[in-house]
Amino acid sequence: MPITRRTLLSATAAGLAAPHIARAAGPITLRVSSSAPPDRFGAHYLWFQPFEAELAKLVGDRIKLDYFPNSQLGKEADVVNQVKAGSVDMMLTGASIWATVVPEFGLLDLGFLFGSYDQCARAIDGGVGDAYAKLLLDRTGVGILGWGFQVGARSIYTKAPIAHVGDLAGVKLRVLPTKAFIDTFNIIGATPTPIPINELYTAVQTGVVDGFEHDPGTVLAYKLYEVSKHAFLTRHIYTPMLSFIGKRGLAKITPDLLPQFKQAAAAATASSRSEVKSVEAEAMADLKTKGVMFTEVPPAEIAALKAKMAETLYPAYLKQYPAVEPMFAQIKATS
């Protein structure tokens with residue numbers, strides 16, 4: 001399905017249903033948090049930059065965005081609570097970290113659920129985005145402004161070379177602190193080790209972990225290629241990158257500015273999605289020049305991993321979180 005303004009705005013409609021408060025004349029200031037560097041390879045800035053530019057075109061200086069990259073406002077798990085409480089207005093991050101407060105978001109990070117970002121877009125725009133926006137709003141009061149993507153599929157990066165899935169046995173890999181990631185890597189056979197992203201470089205450098213899993217853009221943006229020279233291209237997750245806004249943050253936007261605010265968010269989502277493939281290719285090419293060696297996973301081993309996920313991971317997750325069954329069915333229908 002083509003990405004249109006209509007489909008993108010429909011995915012945010014539920015998340016933008018919040019009361020507005022009267023504001024005195026003057027600029028509206030929103031505090032925006034990101035754990036990534038202010039760099040196009042960090043995915044967050046790939047969404048934020050066109051959002052900021054489009055918003056300025058539409059409303060001038062009536063809305064001011066104070067951008068805090070590099071986890072300046074704290075670890076992502078802490079910022080989630082700040083967005084809920086209203087001390088931070090907006091947050092750019094993956095779906096995973098919000099699974100710490102709404103576990104159903106973990107569905108989006110189950111291994112091999114999506115086969116491409118095209119499929120991910122079809123599912124999100126086909127109703128999955130609306131369902132998650134309503135779920136998040138009902139549970140936390142937080143809305144979703146846009147569904148972008150990370151800069152490429154997530155794969156495994158290690159200090160030592162990996163040629164086969166079996167080589168991952170006992171290998172300590174940094175993962176996000178969510179059930180979906182931990183369960184996925186237990187099935188793959190590695191030892192999942194949750195560590196905040198801003199502590200990852202040192203953790204690999206000092207041997208706390210043997211490697212990590214992430215997208216190539218993040219590897220480049222955080223200079224993780226300096227401590228991990230081997231990439232095992234599992235492409236196990238095509239994860240969304242979302243823009244979240246708290247109830248208090250949204251209430252700052254006066255009714256006369258809300259349509260333009262939503263329009264800027266839709267434009268940023270379309271822009272970031274359109275750039276992901278080319279930016280991913282650029283990131284991988286750059287990583288190669290920096291000495292990263294890429295190894296494809298043997299097709300039979302990928303097929304075996306997908307079968308394991310379908311047989312064990314997905315049924316267990318659906319049993320534990322039955323509310324995601326309609327979203328799961330919709331995702332599978334787009335494959």
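The values are calculated or read from the model by the stated rules, or taken from the named source; none is laboratory data. Fair warning: this is a prediction, and the values are worked out from it, not measured in the lab. All Cβ positions, even for glycine, are placed from backbone atoms using ideal geometry, and neighbour counts span all protein chains on display.
Limited to segment 292-331, what total is found for residues that are touching a Phe, Trp or Tyr at 6+ places or on another chain (Cβ under 7 Å) and outside any helix (DSSP H, G or I)?
Qualifying residue count, segment 292-331: 3.
From the list Tyr132, Tyr157, which residue is modelled with pLDDT of 95 or more, of a type in the set (Phe, Trp, Tyr) and within 29 Å of Gly86 (Cα to Cα)?
Tyr132
From the list Phe185, Phe181, which one is closer than 30 Å to Val324 by Cα, touching a Leu at 6+ places or on another chain (Cβ under 7 Å) and not hydroxyl-bearing (Ser, Thr, Tyr)?
Phe185 is the lone residue from the list that is closer than 30 Å to Val324 by Cα, touching a Leu at 6+ places or on another chain (Cβ under 7 Å) and not hydroxyl-bearing (Ser, Thr, Tyr).
Is one or more of the residues making up segment 214-223 closer than 27 Å to Glu311 by Cα and surrounded by 22 or more Cβ atoms within 10 Å (Cβ to Cβ)?
yes
Go through segment 194-240 and report how many residues are assigned to a strand (DSSP E or B) and not β-branched (Val, Ile, Thr).
12
Criterion first (buried (at least 19 other Cβ atoms within 10 Å of the Cβ), of a type outside the set (Phe, Trp, Tyr) and either in contact with a Ser or Thr (Cβ under 7 Å, 6 or more places away or on another chain) or modelled with pLDDT of 95 or more (or both)) does Gly249 satisfy it?
yes
Answer yes if at least one residue in segment 143-153 is farther than 24 Å from Phe48 by Cα and in contact (Cβ under 8 Å) with a residue 24 or more places away in the chain, and no otherwise.
So far as segment 143-153 goes, no, none of its residues is farther than 24 Å from Phe48 by Cα and in contact (Cβ under 8 Å) with a residue 24 or more places away in the chain.
Quick check on this structure: which one of Thr12, Thr100 is assigned by TED's automatic domain parsing to the domain that holds Asp256, among the β-branched types (Val, Ile, Thr), buried (at least 19 other Cβ atoms within 10 Å of the Cβ) and modelled with pLDDT under 90?
Result of the check over Thr12, Thr100: Thr12.
Give the residue that is farthest from the chain's Cα centre (by Cα), with candidates limited to residues of segment 70-95 that are assigned to a helix (DSSP H, G or I) and surrounded by 23 or more Cβ atoms within 10 Å (Cβ to Cβ).
Val83
Has segment 280-293 got at least one residue that is more than 30 Å from Ser87 (Cα to Cα), in contact with a His (Cβ under 9 Å, 6 or more places away or on another chain) and modelled with pLDDT of 95 or more?
The answer is yes; a qualifying residue exists.
Look through segment 154-193, keep the residues that are in a strand (DSSP E or B), free of Cβ contacts under 8 Å to residues at least 60 places away in the same chain and not basic (Lys, Arg), and return whichever of them is surrounded by the fewest Cβ atoms within 10 Å (Cβ to Cβ).
So, considering only residues that are in a strand (DSSP E or B), free of Cβ contacts under 8 Å to residues at least 60 places away in the same chain and not basic (Lys, Arg), the one surrounded by the fewest Cβ atoms within 10 Å (Cβ to Cβ) is Thr191.
Which residue out of Ala133, Ala43 is farther than 28 Å from Asn186 by Cα, small (Gly, Ala, Ser) and touching a strand residue (DSSP E or B) at 6+ places or on another chain (Cβ under 6 Å)?
Residue meeting the stated conditions: Ala133.
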